[in-house]
Amino acid sequence: MRQLFTDPIAATQEIPEAVNVELKNLTTHLFKNSSTLTGITQACGETVKDHYNRYSAIHPPGNGNVCGICATEQLAQRRSGVAANDQWRAPYDHLLAKEKYPQFGIDPDNLLPICNTCNSKAKLAKDLLHNLAGQRRICFDPWTENFQGQVNLQIDFQDISPIVTWVMSPQPLTNQSKLTTWDEVYRVKERVEGEFLSLEVKLAEDLDCRDLAAFKHSIAAKAHARKQFERRTPFNYWRHLLYESLLRLADTDLEQLRILCHAALDPNGHAATTYGI
Ligand SMILES: [Zn+2]
């Protein structure tokens, strides 16, 4: 089925509607009821929880506890004093919806742990293989491809306050199509830009705003640290891109930004918030 993601010519096998209904009932039943059976565990070599723990492990080849689709949210909160097999886990997304593609309802290649926002808020019933007009499209194969290096964040000073703008810079045209699908399905652009709407506050909570030299030094240090721990903490990947873009700004623009950040701090030097805490 993975060929369907990346090959625009590849098509799913036509299944008569009457068979489709029964197939959907069967795979839904198997998905819900068979994963804990001893025989299934023996055949797979591991339980679903084992698989999830392996996928979300901090160290490679684990992908970490940050959602691999959006990098904006934890897969699931971890609790102290709780055994690995009793920890909460993220939902497994059917990349191709089980209602429309029941033949892939229990295909391991079709099941990816993702965060609740990607699963329950952004994607919903959207189809990775067809746009809203029903036209065939391609998408990233999440098991071998990713968006790294194809999206940048820029600071736009044209508005009243500086705003963060998402810029896609894919090289081949096929990557542009995949990026467009990824963003249309999971709404990543508006989620990342939304996180930094109050840019000066988001920077003030993380950077040293005392003077320009300290500001620049902290940007460089944080860019490195956020990148290093991009799979540990939500938004670290995007913070890293944001700080990389700051490092490309002229000193006059940086100083303008620093003054705004400084103003976001209260007289005691703590970041002002609107929550009364
Ligand atoms: Zn996500």
Is there a residue in the range 96-111 that is in contact (Cβ under 8 Å) with a residue 12 or more places away in the chain, within 16 Å of the ligand (Cβ to nearest atom) and in a loop (DSSP other than H, G, I, E, B)? no
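Here's the yes/no breakdown for (1) of a type outside the set (Lys, Arg); (2) more than 16 Å from the ligand (Cβ to nearest atom):
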{"position": "Pro8", "(1), (2)": "yes, yes"}
{"position": "Ile15", "(1), (2)": "yes, yes"}
{"position": "Gly45", "(1), (2)": "yes, yes"}
{"position": "Arg78", "(1), (2)": "no, yes"}
{"position": "Asp86", "(1), (2)": "yes, yes"}
{"position": "Asp93", "(1), (2)": "yes, no"}
Quick check on Asp183: is it closer than 21 Å to Leu241 by Cβ and either assigned by TED's automatic domain parsing to the domain that holds Arg231 or more than 15 Å from the ligand (Cβ to nearest atom) (or both)? yes
Just a yes or no: is a residue in the range 61-70 surrounded by fewer than 16 Cβ atoms within 10 Å (Cβ to Cβ) and either within 19 Å of the chain's Cα centre (by Cα) or closer than 30 Å to Glu195 by Cα (or both)? yes
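Residues are listed down the side, and each one gets a yes or a no for (1) touching an Asp or Glu at 6+ places or on another chain (Cβ under 7 Å); (2) surrounded by 14 or more Cβ atoms within 10 Å (Cβ to Cβ); (3) modelled with pLDDT of 95 or more:
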position	(1), (2), (3)
Gly134	no, no, no
Cys139	no, yes, yes
Gln148	no, no, no
Val164	yes, yes, yes
Arg187	no, yes, yes
Gly194	no, no, yes
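Here's the yes/no breakdown for (1) in a helix (DSSP H, G or I); (2) touching a Pro at 6+ places or on another chain (Cβ under 7 Å):
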| site | (1), (2) |
| --- | --- |
| Phe5 | yes, no |
| Leu23 | yes, yes |
| Thr28 | yes, no |
| Thr36 | no, no |
| Tyr52 | yes, yes |
| Gly64 | no, no |
Being among the acidic types (Asp, Glu) and open to solvent by 70 Å² or more (accessible area, probe 1.4 Å): is that true of Glu200 here? no
Residue satisfying condition, being closer than 28 Å to Asn175 by Cβ and among the acidic types (Asp, Glu), within set Asp109, Asp50, Asp86: Asp109
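Quick check, is Ser120 within 16 Å of the ligand (Cβ to nearest atom), surrounded by fewer than 18 Cβ atoms within 10 Å (Cβ to Cβ) and hydroxyl-bearing (Ser, Thr, Tyr)?
For Ser120, the condition - within 16 Å of the ligand (Cβ to nearest atom), surrounded by fewer than 18 Cβ atoms within 10 Å (Cβ to Cβ) and hydroxyl-bearing (Ser, Thr, Tyr) - is met.
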Give the residues of the range 63-112 that are closer than 14 Å to Phe31 by Cβ, of a type in the set (Gly, Ala, Ser) and either in the same structural domain as Glu193 (by TED's automatic domain parsing) or modelled with pLDDT of 95 or more (or both), sorted by residue number. none
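Among the listed residues Ala221, Ala214, identify the single one that is out of contact with any Ser or Thr (no Cβ under 6 Å at 6 or more places or on another chain), among the aliphatic types (A, V, I, L, M) and open to solvent by 40 Å² or more (accessible area, probe 1.4 Å).
Answer to the selection: Ala221.
The values are calculated or read from the model by the stated rules, or taken from the named source; none is laboratory data. Quick caveat, the model's predicted, so the values are computed rather than measured. Cβ atoms come from the backbone with ideal geometry, glycine included; neighbour counts cover every protein chain shown. These area figures cover heavy atoms from the full protein model, side chains too; ligands, DNA and RNA do not enter into them. Shrake-Rupley method; radii C 1.70, N 1.55, O 1.52, S 1.80 Å.
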